[in-house]
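S.K.: One structure coming up, written as structure tokens, with questions to follow.
Every read-out reported here was derived from the displayed coordinates using simple, explicitly stated rules and does not represent laboratory data. In this text the structure is predicted, and so the values were computed from the model without any measurement. Please note: Cβ atoms are built from the backbone with ideal geometry, for glycine as well, and neighbour counts cover all protein chains shown.
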Amino acid sequence: MNKNIFAISGSLRSGSSNHNILKFIGTMAPAHAAYNIYNNLAQIPPFDPGLDNETPPNAVTELRNLINHADAVIICTPEYAFGVPGQLKNTLDWLVSSSTLVDKPVSLITASSVGNNAHTALLLTLGALSANVIEEATLLIPFIRAKMDDEGNITDKQTREGLENAFSKLLALL
């Protein structure tokens, strides 16, 4: 019974705190679960309702297929200018008409300097997409840079435990 967990970083920078958090979570994935971090967020074109039809752009089709085949989704994102990073919001906009997130178990992790605004906005967006946001697998991590070393390893015990707990709650549903 293999499970597929699809992870998306809201940061386009591969060495970002959010990307490192997703890599840490991946180390906890059980043998029966495929864990993949999506690295093509920058390839998603600007949302255009006129192109959201039976043949959307290839990058969008690929993303929708990956999410459709996932048993669960993890989104880990920073907060930019008190809001959701533009490319992540753009990507979620492409999912509105496809129903790819409807009832899909989702873990939302917001790791930033503060993060409250992005976290709240993403919960609203994911609600509009009818995603099954798992409250016990949702985490807000303020001051993330103070909780990591220079190599991106999580050094804060409470943060590590919070991530371990959130991931185990998500896995329990699969």
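S.K.: Is it true that some residue in the stretch 132-139 is over 22 Å from Arg64 (Cβ atoms), in contact with a Ser or Thr (Cβ under 7 Å, 6 or more places away or on another chain) and either hydrophobic (A, V, I, L, M, F, W, C) or crowded, with 17+ Cβ neighbours inside 10 Å (or both)?
M.R.: Yes; the residues of the stretch 132-139 include at least one that is over 22 Å from Arg64 (Cβ atoms), in contact with a Ser or Thr (Cβ under 7 Å, 6 or more places away or on another chain) and either hydrophobic (A, V, I, L, M, F, W, C) or crowded, with 17+ Cβ neighbours inside 10 Å (or both).
S.K.: For Ala131, indicate whether it is under 16 Å from Ala166 (Cβ atoms) and in contact with a Lys or Arg (Cβ under 7 Å, 6 or more places away or on another chain).
M.R.: So Ala131 fits the description; yes.
S.K.: Let me ask something additional. Need pairs with beta-carbon distance below 8 Å; first residue more than 16 Å from Ile154 (Cβ to Cβ) and within the stretch 22-46, second of a type in the set (Ser, Thr, Tyr) and surrounded by fewer than 12 Cβ atoms within 10 Å (Cβ to Cβ); sequence gap 6+ or separate chains.
M.R.: Asn39/Ser14
S.K.: From the list Glu164, Glu136, Glu151, exactly one residue is in a helix (DSSP H, G or I) and under 24 Å from Pro85 (Cα atoms). Which is it?
M.R.: Only one candidate passes the filter, namely Glu136.
S.K.: Read through the list (1) buried (at least 17 other Cβ atoms within 10 Å of the Cβ); (2) over 25 Å from Arg13 (Cβ atoms); (3) among the hydroxyl-bearing types (Ser, Thr, Tyr), then give the number of the only condition that Ser97 fails.
M.R.: That leaves (1) as the condition not met.
S.K.: Restricting to the stretch 142-174, name every residue that is among the β-branched types (Val, Ile, Thr) and touching a residue at least 60 places away in the same chain (Cβ under 8 Å).
M.R.: Passing the criteria: Ile144, Ile154.
S.K.: Follow-up question, since we're still on this one. Looking at the stretch 82-93, can you tell me whether even one residue there is over 24 Å from Asn20 (Cα atoms) and buried (at least 17 other Cβ atoms within 10 Å of the Cβ)?
M.R.: yes
S.K.: Using the structure shown, decide if Ile75 is under 18 Å from Leu173 (Cβ atoms), among the β-branched types (Val, Ile, Thr), assigned to a strand (DSSP E or B) and touching a Cys at 6+ places or on another chain (Cβ under 7 Å).
M.R.: It is false that Ile75 is under 18 Å from Leu173 (Cβ atoms), among the β-branched types (Val, Ile, Thr), assigned to a strand (DSSP E or B) and touching a Cys at 6+ places or on another chain (Cβ under 7 Å).
S.K.: If I filter the stretch 12-57 down to residues being outside any helix (DSSP H, G or I) and among the hydroxyl-bearing types (Ser, Thr, Tyr), which single residue comes out as nearest to Ile75 (Cα to Cα)?
M.R.: Only one residue tops the list, namely Tyr38.
S.K.: Can you spot a residue in the stretch 48-61 that is under 21 Å from Ser107 (Cβ atoms), touching a residue at least 40 places away in the same chain (Cβ under 8 Å) and over 15 Å from the mean Cα position of the chain (by Cα)?
M.R.: no
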